[in-house]
Structure formats: structure tokens, C-alpha cells
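The structure under discussion appears below in the form of C-alpha cells.
The values are calculated or read from the model by the stated rules, or taken from the named source; none is laboratory data. Computed from a predicted structure; not experimentally measured. Note that each Cβ is placed from the backbone with ideal geometry, even for glycine, and that neighbours are counted across all protein chains shown.
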Amino acid sequence: MRLRTLGRRLQKLESAAQATTPPSDEWLDEDWLQTFTLWGVPDGLAREPNYPEALAAYRQAIEDAKAQVDPPFDPPPAFLPGRDRYARFRQWRDRPRFAEVRDCWRWLAAMGMRFYDDEPPVSEAEFASLANWCEANADRLGRLAAPSQLFEWRPGEWTDATNIRRGICSGPRTFDAGRWAEILRALRVRYGG
């Protein structure tokens, strides 16, 4: 990608982020939802095939969390009374209490990180296809990598079967999914099958 194009894309995302920055930089899920929505432009997160699904899932997870009573989405007044509002809300809305909200946020944030790092988008379907290819060719790939068990997936960059399995197991919604998709794409081109 040309540097000028990347610069324009980053400028658009930064402008969208500034437009959604709440007073005193308190970013709660409602603020992130607005930001992820604004980032959904064609040369932003909308380039990700699963962006509409991820955004809808995050919106629904927030709505479901707000509708539940036990525990409530907003912290009770007695929760960390000496802390500022942001700290109280972030501590209360942690992963064990609102795992679905956190998981949906992480999925969208991973898309944002891929965009920021200029990694190609990856869909859940493509990730599954790459994982299936790797599994179907595991024995052959093991023989090809012997005796070192290392794969050079790009000139000067190596990985091994254990890390590949770990990357596949982490799934398509994680921060490193784009990198693992890139590695698996390269291995499939290089080793075929």
C-alpha cells in the first residue's frame, strides 16, 4: 500500500476517533460502539468481511448487558466509591461479569489493529479454510519441515508447527488472527496441497 493512501486512511480514522472522544477521555463501551460505527467506512473497518456482524454483535451485547438486572451493567453506588467514574465503570464491567461485551469489543479491536498495522483483512470463513488446509496437510507439512520443524513463511521469518497450532486455536477474532492468516496464506502458497 502506498504511504500516501495509508496516511489518508489513518487521518480519516483519527478524525472519526476525535469526533467520538468523550469529555475527560472516559471511554466506556457506549463510546467504543460509536467509534467502531464511525470507523466502518469503506477504507476503514468495513473492509473486514465480518465487520457488520461484529458491530451488530457488540451492539447487541451492550443492549443485553444493560437489560440484565443481576449484575447490572452500571456499577452500584457502593462499588469503589472513592474512585473516579471511569475507573469504577471499567472495573465493574470486567470480563467475568460481561464476557460477551468484552469478547465482542476484542473482535472489533482486532479488526482495528489489523487496519492500523496494515495487515490484510481476514474473515472467519477464510480463517477456518486456512485452518482446515493446515490440518489436512499436517503430516505432509511435518515431513517437509523435518528435521528442524521450522517453516520459513516469508524470507527470513520462521515459525513452527506448535505456534501454528496455537495461532489456529486462538481463532479468527483475536488480535493476532491477521498475522496467523498471513502466515497460513503464505504456507499454503509455498507448500500447496
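Listed conditions (1) surrounded by 11 or more Cβ atoms within 10 Å (Cβ to Cβ); (2) not acidic (Asp, Glu); (3) not assigned by TED's automatic domain parsing to the domain that holds residue 32 are all met by residue 143, apart from (1).
Have a look at 76, 72 and point out the one that is touching a Lys or Arg at 6+ places or on another chain (Cβ under 9 Å), surrounded by fewer than 15 Cβ atoms within 10 Å (Cβ to Cβ), closer than 18 Å to residue 97 by Cβ and assigned by TED's automatic domain parsing to the domain that holds residue 104.
Details: 76 fails: touching a Lys or Arg at 6+ places or on another chain (Cβ under 9 Å).
Of 76, 72, the one residue that is touching a Lys or Arg at 6+ places or on another chain (Cβ under 9 Å), surrounded by fewer than 15 Cβ atoms within 10 Å (Cβ to Cβ), closer than 18 Å to residue 97 by Cβ and assigned by TED's automatic domain parsing to the domain that holds residue 104 is 72.
Can you tell me which residues in the range 56-81 are among the charged types (D, E, K, R) and under 27 Å from residue 39 (Cβ atoms)? Let's see the steps before the verdict.
Restricting attention to the range 56-81, the residues satisfying the condition of being among the charged types (D, E, K, R) are 59, 63-64, 66, 70, 74.
Once the filter is applied, which keeps residues that are among the charged types (D, E, K, R) and under 27 Å from residue 39 (Cβ atoms), the range 56-81 yields 59, 63, 64, 66, 74.
Looking at residue 177, is it in the same structural domain as residue 53 (by TED's automatic domain parsing), within 30 Å of residue 60 (Cα to Cα) and in contact with a Lys or Arg (Cβ under 9 Å, 6 or more places away or on another chain)? Steps first, please.
Details: in the same structural domain as residue 53 (by TED's automatic domain parsing): no; within 30 Å of residue 60 (Cα to Cα): yes; in contact with a Lys or Arg (Cβ under 9 Å, 6 or more places away or on another chain): yes.
Spelling it out, it is not the case that residue 177 is in the same structural domain as residue 53 (by TED's automatic domain parsing), within 30 Å of residue 60 (Cα to Cα) and in contact with a Lys or Arg (Cβ under 9 Å, 6 or more places away or on another chain).
Is at least one residue of the range 20-30 of a type in the set (Val, Ile, Thr), at pLDDT 85 or above and crowded, with 16+ Cβ neighbours inside 10 Å? No: the range 20-30 contains no residue that is of a type in the set (Val, Ile, Thr), at pLDDT 85 or above and crowded, with 16+ Cβ neighbours inside 10 Å.
Looking at the range 112-127, can you tell me whether even one residue there is out of contact with any strand residue (DSSP E or B) (no Cβ under 8 Å at 6 or more places or on another chain), free of Cβ contacts under 8 Å to residues at least 12 places away in the same chain and either part of a loop (DSSP other than H, G, I, E, B) or not assigned by TED's automatic domain parsing to the domain that holds residue 176 (or both)? No: the range 112-127 contains no residue that is out of contact with any strand residue (DSSP E or B) (no Cβ under 8 Å at 6 or more places or on another chain), free of Cβ contacts under 8 Å to residues at least 12 places away in the same chain and either part of a loop (DSSP other than H, G, I, E, B) or not assigned by TED's automatic domain parsing to the domain that holds residue 176 (or both). The residue that is modelled with the lowest pLDDT, counting only those in the range 83-115 that are surrounded by fewer than 13 Cβ atoms within 10 Å (Cβ to Cβ) and closer than 26 Å to residue 40 by Cα, is 95.
Checked against (1) basic (Lys, Arg); (2) out of contact with any Phe, Trp or Tyr (no Cβ under 9 Å at 6 or more places or on another chain); (3) within 26 Å of residue 177 (Cβ to Cβ), residue 47 meets all criteria but (2).
Here the helices (runs of 4 or more DSSP H) wholly within the range 27-111 that include at least 2 residues being closer than 23 Å to residue 127 by Cβ and touching a residue at least 12 places away in the same chain (Cβ under 8 Å) are 51-67.
Scan the range 42-75 residue by residue and report those that are under 14 Å from residue 114 (Cα atoms) and among the hydrophobic types (A, V, I, L, M, F, W, C). Step through it out loud before you land on a result.
Here is the first cut: in the range 42-75, the residues under 14 Å from residue 114 (Cα atoms) are 43-51.
45, 46, listed by residue number.
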